[in-house]
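Notes to accompany the following structure.
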Amino acid sequence: MNNYVTGAVIKALREKKNMTQEELAEKIFVTSKAVSKWETGKGFPDIGLLENLGKALGVSVIELLSGENITNQNKPCNMARGKFYVCPVCGNIIHTTGEAVISCCGITLPTLEAEIIDKDVCHSPKVEIIEDEYFVTINHPMTKDHYISFIAAISDQSIQLAKLYPEGEAQARFKIAGVWKIFTYCNHHGLFEFKI
């Protein structure tokens with residue numbers, strides 16, 4: 001992993017819960033000396049303790065490892081504030097409706113930042129209306145090494161996502177219903193945003 005829990009994080013979370021080192025130690029079945037060593041940087045908790053440590057401190061293991069407490073400020077789940085994540089190892093695509101700490105294949109994934117594109121630019125989708133659908137095509141190579149990984153259509157209430165594969169077609173169909181933004185993801189150049 002690229003991060004591991006630090007003593008400063010453990011201490012801050014413990015103090016936030018108004019727990020003593022002894023109380024935390026009892027909850028996770030270690031000695032208070034072990035907790036003291038972690039908090040002073042003289043040792044680290046065993047990886048087998050992280051789940052129980054996270055529960056005792058009221059955070060997820062991902063939050064514990066990242067040192068960030070994630071609070072979803074996006075209560076109404078506005079799809080326009082959604083975030084995309086792509087795992088560089090396995091290619092998993094994750095979409096969230098707010099801030100999150102996402103981990104896949106043992107690494108914490110960064111939030112993808114979309115580049116806004118206009119018409120007639122590389123990676124720009126061509127959008128046609130066919131009956132009640134948008135037919136989206138992208139003039140892009142689809143080789144094994146360089147391809148469009150997905151196309152997504154966003155409305156105020158939903159996301160439609162089409163996973164694409166190398167040597168396939170860079171195209172997808174989406175129901176029109178409220179769609180106002182298209183996202184495309186190139187495995188070499190990243191995420192692109194196109195407003196309809």
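Give the relative contact order (percent, whole number) for the chain; include only Cα pairs under 8 Å separated by 6+ residues.
Worked out over the chain, it gives 15 percent.
With springs only between Cα atoms under 10 Å apart, run a GNM on the chain and tell me which of THR143, THR108, THR97 wobbles the most.
Checking each option, the largest mean-square fluctuation is seen for THR143.
In whole Hz, what ³J(HN,Hα) sequence does the stretch 122-136 give by Karplus (6.51, -1.76, 1.60; θ = phi - 60°), x for Gly and Pro?
Per residue, the Karplus-derived 3J(HN,Hα) values read 3, 6, 6, x, 9, 10, 10, 9, 10, 6, 9, 10, 8, 9, 9 Hz.
State the antiparallel share, in %, of DSSP beta bridges confined to the chain, rounding to the nearest 5.
For the chain, the DSSP antiparallel bridge percentage is about 95.
Describe numerically, in nm with one decimal, the distance between label points set 7 Å from Cα along Cα→Cβ at LEU161 and at HIS188.
In this crude spin-label approximation the distance works out to 2.4 nm.
So which lysines can LYS144 reach, going by Cα to Cα under 22 Å and dropping same-chain residues fewer than 8 places off?
LYS163
What do you get for GluC sites (Glu not before Pro) in the stretch 140-196 restricted to DSSP loop and a cutoff of at most 10 other Cβ within 10 Å of the site's Cβ?
Filter output for the stretch 140-196: GLU167.
For LYS27, list the lysines whose Cα falls under 25 Å from its own Cα; do not include residues on the same chain fewer than 8 positions away.
List returned: LYS11, LYS16, LYS17, LYS37, LYS42, LYS55.
Hey, any idea what % of the chain's accessible area is carbon plus sulfur with a 1.4 Å probe?
Roughly 50 percent of what the probe reaches on the chain is carbon or sulfur.
What relative contact order, as a whole-number percentage, does the stretch 89-196 give when Cα pairs under 8 Å and 6 or more residues apart are counted?
25 percent
Go through the stretch 88-179 and name the trypsin sites (Lys or Arg not before Pro) that are in a DSSP coil and have 11 or fewer other Cβ atoms within 10 Å of their Cβ.
LYS119, LYS144
Tell me the per residue accessible area of the chain using a 1.4 Å probe; a whole number in Å² is fine.
Ligands and nucleic acids excluded, the result is 58 Å² per residue.
Is the C-alpha gyration tensor of the chain telling us rounded, prolate or oblate? Criteria: a/c under 1.5 is rounded; beyond that, a/b larger than b/c is prolate, otherwise oblate.
Prolate, since a/c reaches 1.5 and a/b exceeds b/c.
Would you calculate, for the chain, the mean residue ellipticity at 222 nm contributed by helices, counting each DSSP H stretch of 4 or more residues as -39,500 (n - 2.57) and dividing by all residues, to the nearest 500?
Mean residue ellipticity, 222 nm, calculated: -5500 deg cm²/dmol.
The values are calculated or read from the model by the stated rules, or taken from the named source; none is laboratory data. On a predicted model such as this, the values are computed, not experimentally measured, just so you know. Neighbour counts are summed over all protein chains in view; Cβ atoms, including those assigned to glycine, are modelled from backbone coordinates with ideal geometry. We work out accessible area using only protein heavy atoms, side chains counted, and drop any ligands, DNA or RNA first. Shrake-Rupley method; radii C 1.70, N 1.55, O 1.52, S 1.80 Å.
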